[in-house]
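In what follows, a structure is listed as structure tokens, so that the remarks can point back to it.
The values are calculated or read from the model by the stated rules, or taken from the named source; none is laboratory data. Keep in mind the model is a prediction, meaning the values are calculated, not measured. Every residue, glycine as well, gets a Cβ built from its backbone with ideal geometry; the counts of neighbours run over all protein chains shown.
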Amino acid sequence: MNLLELTLGIMTAVGGFVDISELVFAAQAGSSYGYALIWVFALSTIGIMVLGEMSGRVAAVAKQPVFNLIRHRLGLKLGLVTLIASLISNLITCAAEIGGTAIILHLLTGAPMMLMAVAMMVVLIGTIWILPFKWIERAYGLLGLFMIVFAVALIKADPPWARIAAGFVPQIPSGLPSGELIRFAYFGVAIISAVMFPYEVYFYSSGGIEEEWGPKDLSINRLTCIVGFGLGSLLAISILSSSAALFAPLHVDPQLPGSAVLEAELPMGRVGLLLALLGVLFAVAGAAIETCLANAYSVAQFFGWEWGRHKKPWKTPRFTLTWIALFLLALAIVLTGIDVMKLVEFAVLFSVLVLPLTYLPLLLLASDRHFMREHRNGALANGLGWLYFAVIVAAAVAAVPLFLLTSGGQG
Amino acid sequence: MKAAILLVLTCLGACSSGGQADLPAIKEMRSAAAEWALVNREAARGRLTAPYAAGMRKAAREEIAAQARALSAGSPAAPVASALLALPDDAAPDPIARQVTRLKQIEAALEPA
């Protein structure tokens with residue numbers, strides 16, 4: 001096992017873990033419910049570890065990206081429904097990420113947000129066009145490590161560690177009025193959706209095919225998912241915990257996309273503010289690339305087109321045109337002036353609806369003796385896989401009623 | 001029977017169109033104002049960059065104005081919104097924080113048990 005490759009893979013997974021949805025929901029969850037939703041982050045992180053590892057293993061052994069499986073296992077009609085739903089979900093998510101980067105650039109430079117959205121789009125398209133696949137992912141993942149400032153800030157803020165530790169135990173806060181209980185449930189579903197976004201699996205498994213993984217890479221795959229996602233999740237939990245410790249006493253439920261960085265500024269001053277702004281910028285920009293490429297991968301795999309960034313863009317013309325068109329569509333959504341926070345809410349709602357249809361074919365193939373041979377799911381992977389499938393089905397069923405009852409988490 | 005149904009519908013209408021229907025807007029307004037007060041406190045201590053402080057103030061005021069427009073006629077939060085919007089961008093944090101406290105009290109009064 002190449003230690004450098006492993007370290008870079010893990011660091012990329014850490015830096016790329018938090019996106020705009022996790023940032024928003026972690027900060028709001030902390031200020032609204034203290035440490036009581038940490039366990040949902042922990043639960044969802046184990047879920048994305050299990051399903052991410054499975055998708056990487058299927059890519060390495062069966063050489064099957066997720067949307068090939070979806071078409072073959074669900075059939076053309078249900079596959080097409082899944083494709084359309086995931087396209088909508090990823091497109092909204094991509095628009096939210098681009099809007100998020102535009103806001104951060106606006107806060108860094110003072111330049112108009114719409115201009116920054118266009119500039120960011122040019123940078124993102126240039127990045128995908130110029131860099132080889134491995135460095136597209138790594139560049140933003142590694143720069144996203146500036147997000148570690150949130151963990152350092154939490155330590156400096158000296159929060160009540162015992163209460164944070166208690167937050168890992170599943171709980172529902174006592175004494176909440178009925179409306180707040182429903183909102184608490186909505187936040188739980190939103191966190192599951194934000195941590196287990198389907199685009200992460202599409203991108204991760206397609207990346208495995210791009211990098212020509214084989215059975216020899218299974219250990220790196222497992223360690224990247226467990227250690228990388230685990231450490232990445234700790235950053236999200238740091239954001240939640242700092243919000244509980246610093247924002248809740250001031251009656252701040254971060255409604256503005258630039259608020260979360262104050263968590264680093266309050267204990268660390270201007271340096272903390274700048275590092276947090278840079279961390280969020282790179283992490284969210286990386287997520288914008290992942291969502292856009294995930295969509296292009298899905299379409300190309302579903303229709304059997306040539307795809308992949310390991311080939312020159314003009315060698316895969318339909319794939320290339322698809323990701324450029326999707327970026328432009330996402331930019332068009334941002335340029336309408338729609339509130340980025342609303343986009344984030346819609347992104348998590350659509351994503352949770354797509355989740356079961358994404359994971360079912362993956363689970364079925366990962367357990368298939370014919371395709372996976374000795375690398376098929378063992379009892380633990382199968383048990384956890386079906387347990388998490390049940391969790392995401394329950395979350396998907398509850399999502400729309402909770403969204404409507406809480407007006408998208410507003411109360 | 002018709003009268004009873006009408007009465008129930010009227011009550012439901014009154015509940016949802018009045019006080020409690022304003023609750024989400026009041027909460028968002030309170031949070032935006034609290035964020036504005038925090039930004040101004042930190043800016044006064046020289047810990048924020050100028051573009052960040054200006055961007056956050058503008059976003060907070062826009063949010064307060066948007067939520068004020070969503071309030072029903074005669075909402076107790078309307079005068080608080082007006083008081084907030086009358087303050088300058090770089091107002092001292094204390095006057096903003098006082099309005100945050102008023103909004104929090106209105107929220108508490110409207111919150112169902």
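Can you tell me which residue is modelled with the highest pLDDT among those in the range A:350-367 that are surrounded by 22 or more Cβ atoms within 10 Å (Cβ to Cβ), of a type in the set (A, V, I, L, M) and closer than 16 Å to A:F403 by Cα? This residue is A:V352. Within the range B:89-113, residues that are within 28 Å of B:P51 (Cβ to Cβ) reach partners that are in a loop (DSSP other than H, G, I, E, B) and modelled with pLDDT of 95 or more with beta carbons closer than 7 Å, at six or more positions or on different chains, in the pairs B:P95/B:L87; B:I96/B:L87.
Restricting attention to the range B:73-100, the residues being surrounded by 14 or more Cβ atoms within 10 Å (Cβ to Cβ) and of a type in the set (S, T, N, Q) number 2. Can you pull out every residue in the range A:291-303 that is under 12 Å from A:G79 (Cβ atoms) and small (G, A, S)? A:S298, the sole residue that qualifies. In the range A:26-39, is there at least one residue being surrounded by fewer than 24 Cβ atoms within 10 Å (Cβ to Cβ), under 21 Å from the mean Cα position of the chain (by Cα) and within 21 Å of A:G383 (Cβ to Cβ)? Checked against the condition, which is being surrounded by fewer than 24 Cβ atoms within 10 Å (Cβ to Cβ), under 21 Å from the mean Cα position of the chain (by Cα) and within 21 Å of A:G383 (Cβ to Cβ), the range A:26-39 yields at least one hit. Condition check for A:A296 on (1) without any contact (Cβ under 8 Å) to a residue 40 or more places away in the chain; (2) within 30 Å of B:A44 (Cα to Cα); (3) not charged (D, E, K, R): one failure, at (2).
Filtering the range B:47-83 to residues that are in contact with a Pro (Cβ under 9 Å, 6 or more places away or on another chain) and away from chain A (no Cβ under 14 Å) leaves only B:A83. Would you confirm, using the coordinates I've provided, whether B:R102 is closer than 30 Å to A:L181 by Cβ, more than 10 Å from chain A (Cβ to nearest Cβ) and at pLDDT 95 or above? In short, yes. Out of A:F346, A:F350, A:F327, one residue alone is aromatic (F, W, Y), under 13 Å from A:I98 (Cβ atoms), more than 14 Å from chain B (Cβ to nearest Cβ) and assigned to a helix (DSSP H, G or I). It is A:F327. Does A:P170 count as under 17 Å from A:S233 (Cβ atoms) and not small (G, A, S)? Against the criterion (under 17 Å from A:S233 (Cβ atoms) and not small (G, A, S)), A:P170 qualifies.
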